[in-house]
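The values are calculated or read from the model by the stated rules, or taken from the named source; none is laboratory data. All of these numbers come straight from a predicted model, not from anything done at the bench. Note that we place each Cβ from the backbone using ideal geometry, even for glycine, and neighbour counts take in every protein chain shown.
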């Protein structure tokens, strides 16, 4: 029988898609001829809303730009504002920020693990990962008062000091996680069914990754040691000891291994942060929200999120409002330039697998 | 590097923002020449982002191109001004693949035209017919007021400043009245 | 696709069987309630004996969720405008900026976060009067 050319939509209502987006696939048989990404299901106009608000008011909205990991957004926003306004944050606040960022990276990696394993049908891993992520969210709840949208990292510091006994609870969690992650190795990372599906799928070449501005695990999976925490250290990352894991093959499995190794590094960083946590104030005095003015200047700040470099462009205009804040997350380029490219020639059943390994998050494409 | 830029492009507008972040402002006509120079001679190989800021008072858009080195350590911000009305900039999509989608994004949000870019279709705003939303003249509140319904039952909101004033005046009047009554007695 | 025997990769996932003897991570919800952490950002409370009706909360609220209204409740003598805040929970994002700017610290967030109602108009929430 002759193969017919058909077009199907993968998503937005599909368990194998990482959020509210869809991919239009042109198929011959099971092989993809052309892929087109479509977004537009949750545009909320954050960049416009921020232009209408004062600096302090805008702070509450940025965490909603990326749902799985809101904290890099808050850190970026706070760092950009501090750089424009010339504020210096206390060491304790910086350490707390690093702790929050690393916990959030860890939580996001668990969420990725749930998605990645779900994309090949290993649902037990997903259940476990979500349960373990919840333990981190419990800590966030205690520290910030909310589980997902923390609104904690504030221009000038962090909003609350650590609750009593918090560091001990973090240590307890770290000990548990170190033991627990080995179980994930057994049932997921080393699992033959995952290896057979993931090795050799979705290969990205090194040259392409550099030239096209890919970030995060995509870059590290093909052997480039790029990590904002090392390349342009922000907060106190230059005082902490950690490694940037890399792989050379550039396929889905390489990215999975990089992510898994990063979880170990996150635990290692958290361990040091808990031991080194200095005493002192967590917040410096900042003007009230009607008087907080940014000079006419612009800046570009970036942090390493769980999925790669996350950058903000911010321009002030001398008034109390931010003139322009543009988000440059990993997803825009990954979901269009990279995904549309990678899917050509892939099998239909690999779409979810490849997508999950890239860390695409539609809320951040549409802002 | 800075000296060469200053000499070759006759600009003094080179800033060191952080130890890993530089900024230069340049005329639009020399923009691509500078980008090519940075790419070929100084290893700024990756186009990381294109951002746009609307300076409506001055009548231009500020386009900022972020170039990063291959090892992602240094970032160069190259800023250029283009006219707000019939805004246009040459596309970079043939040199940098990722520029295609970034330009598509800017085209949708600001209405900037990028001749040479093959696909400038709408990205997330389906069937949008109004002003491109990130231009400053687009008023979100006005749009929302005209198109959406607000929750009922919130009309009893009181302007506290006016109310405080009114209450004070009332109190004062009452006081003087009381005194009058007292004096009358 | 080439198939090679991966003995470790085939056998190690079987360790998941040990999970049968683990305790569940979930709780039996209606019977056992999860304890919210101290300082959880739930519903608003407003201690009327302290509230001065300054409308700072209304001013800082970026969502326009707060109305200052007159009620028949007793207000304190320092309340110059004789108004107290009411919050539209259809708009509130629980950022707690309003509680940060409250000068007498009367507006707070409590750990209660459940509001089940049949009417959308019940989203207009009068903060409970407690310290």
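Just for the stretch C:105-131: of the residues that are part of a loop (DSSP other than H, G, I, E, B) and surrounded by 14 or more Cβ atoms within 10 Å (Cβ to Cβ), which one is farthest from the other protein chains (Cβ to nearest Cβ)? So that I can check it myself, show each step before the final result.
Residues of the stretch C:105-131 part of a loop (DSSP other than H, G, I, E, B): C:105-106, C:110-119, C:126-127, C:129-131.
Those still in the list that are surrounded by 14 or more Cβ atoms within 10 Å (Cβ to Cβ) too: C:106, C:110-111, C:126-127, C:129.
On the way: C:106: 15, C:110: 11, C:111: 9, C:126: 12, C:127: 15, C:129: 19 Å.
Among those residues, the one meeting the criterion is C:129.
I'd like to know if the stretch A:244-253 contains one or more residues that are crowded, with 21+ Cβ neighbours inside 10 Å, within 12 Å of chain B (Cβ to nearest Cβ) and part of a loop (DSSP other than H, G, I, E, B). Among the residues of the stretch A:244-253, not one is crowded, with 21+ Cβ neighbours inside 10 Å, within 12 Å of chain B (Cβ to nearest Cβ) and part of a loop (DSSP other than H, G, I, E, B), which makes the answer no. Would it be correct to say that residue A:100 is within 14 Å of the chain's Cα centre (by Cα) and surrounded by fewer than 21 Cβ atoms within 10 Å (Cβ to Cβ)? No, not satisfied.
Name the residue, out of A:325, A:283, that is under 30 Å from residue A:173 (Cα atoms) and in contact (Cβ under 8 Å) with a residue 60 or more places away in the chain. Step through it out loud before you land on a result.
On the way: A:325 fails: under 30 Å from residue A:173 (Cα atoms).
From the options A:325, A:283, the qualifying one is A:283.
For the stretch A:18-34, a residue qualifies if it is under 26 Å from the mean Cα position of the chain (by Cα) and either under 25 Å from residue B:120 (Cβ atoms) or part of a strand (DSSP E or B) (or both), and the qualifying residues are A:19, A:20, A:21, A:22, A:23, A:24. Scanning the stretch A:275-285 for any residue that is at pLDDT 85 or above and farther than 25 Å from residue C:100 by Cβ turns up at least one such residue.
Is it true that residue B:138 is part of a loop (DSSP other than H, G, I, E, B), free of Cβ contacts under 8 Å to residues at least 12 places away in the same chain and touching a helix residue (DSSP H, G or I) at 6+ places or on another chain (Cβ under 8 Å)? Spelling it out, residue B:138 is indeed part of a loop (DSSP other than H, G, I, E, B), free of Cβ contacts under 8 Å to residues at least 12 places away in the same chain and touching a helix residue (DSSP H, G or I) at 6+ places or on another chain (Cβ under 8 Å). Scanning the stretch C:31-40 for residues that are over 23 Å from the mean Cα position of the chain (by Cα) and within 7 Å of chain A (Cβ to nearest Cβ) turns up nothing.
Collect the residues in the stretch B:174-185 that are surrounded by 10 or more Cβ atoms within 10 Å (Cβ to Cβ) and farther than 21 Å from residue C:83 by Cα, keeping them in residue-number order.
Narrowing the stretch B:174-185 to residues surrounded by 10 or more Cβ atoms within 10 Å (Cβ to Cβ): B:174-180.
Those that are surrounded by 10 or more Cβ atoms within 10 Å (Cβ to Cβ) and farther than 21 Å from residue C:83 by Cα: B:175, B:176, B:177, B:178, B:179, B:180.
Counting residues in the stretch C:55-72 that are within 11 Å of chain A (Cβ to nearest Cβ), in a loop (DSSP other than H, G, I, E, B), touching a helix residue (DSSP H, G or I) at 6+ places or on another chain (Cβ under 8 Å) and without any contact (Cβ under 8 Å) to a residue 24 or more places away in the chain gives zero.
For residue B:134, state whether it is more than 9 Å from chain C (Cβ to nearest Cβ) and in contact with a strand residue (DSSP E or B) (Cβ under 8 Å, 6 or more places away or on another chain).
Numbers: more than 9 Å from chain C (Cβ to nearest Cβ): yes; in contact with a strand residue (DSSP E or B) (Cβ under 8 Å, 6 or more places away or on another chain): yes.
Spelling it out, residue B:134 is indeed more than 9 Å from chain C (Cβ to nearest Cβ) and in contact with a strand residue (DSSP E or B) (Cβ under 8 Å, 6 or more places away or on another chain).
With respect to the conditions (1) more than 23 Å from the chain's Cα centre (by Cα); (2) assigned to a loop (DSSP other than H, G, I, E, B), residue A:8 falls short on a single one, namely (2). In the stretch B:1-104, counting only strands (runs of 3 or more DSSP E) that sit wholly within it, the ones holding 2 or more residues that are within 24 Å of the chain's Cα centre (by Cα) and buried (at least 17 other Cβ atoms within 10 Å of the Cβ) span B:21-25, B:46-55, B:60-68, B:75-83. The number of residues in the stretch A:222-243 being surrounded by fewer than 19 Cβ atoms within 10 Å (Cβ to Cβ) and part of a helix (DSSP H, G or I) comes to 3.
Say whether the condition of being free of Cβ contacts under 8 Å to residues at least 12 places away in the same chain, part of a loop (DSSP other than H, G, I, E, B) and surrounded by fewer than 21 Cβ atoms within 10 Å (Cβ to Cβ) is met by at least one residue in the stretch A:154-176.
Taking the stretch A:154-176 and keeping what is free of Cβ contacts under 8 Å to residues at least 12 places away in the same chain, we get A:164-165, A:168, A:172, A:175.
Next, only the ones that are part of a loop (DSSP other than H, G, I, E, B) stay: A:164-165.
Filter again for surrounded by fewer than 21 Cβ atoms within 10 Å (Cβ to Cβ), leaving A:164-165.
Looking for residues that are free of Cβ contacts under 8 Å to residues at least 12 places away in the same chain, part of a loop (DSSP other than H, G, I, E, B) and surrounded by fewer than 21 Cβ atoms within 10 Å (Cβ to Cβ), one finds at least one in the stretch A:154-176, hence yes.
Taking the stretch B:105-131 as the range and being at pLDDT 85 or above and within 12 Å of chain A (Cβ to nearest Cβ) as the test, the residues that pass are B:105, B:106, B:108, B:109, B:110.
Does residue B:82 fit the bill of being more than 8 Å from every other protein chain (Cβ to nearest Cβ) and at pLDDT 85 or above? In short, yes.
Evaluating residue C:49 against the criteria (1) surrounded by 10 or more Cβ atoms within 10 Å (Cβ to Cβ); (2) within 13 Å of another protein chain (Cβ to nearest Cβ) leaves one unmet condition, (2).
Residues are listed down the side, and each one gets a yes or a no for (1) under 25 Å from residue C:112 (Cα atoms); (2) more than 11 Å from every other protein chain (Cβ to nearest Cβ); (3) over 22 Å from the mean Cα position of the chain (by Cα):
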{"residue": "A:114", "(1), (2), (3)": "no, yes, no"}
{"residue": "A:128", "(1), (2), (3)": "no, no, no"}
{"residue": "A:139", "(1), (2), (3)": "yes, no, no"}
{"residue": "A:177", "(1), (2), (3)": "no, yes, no"}
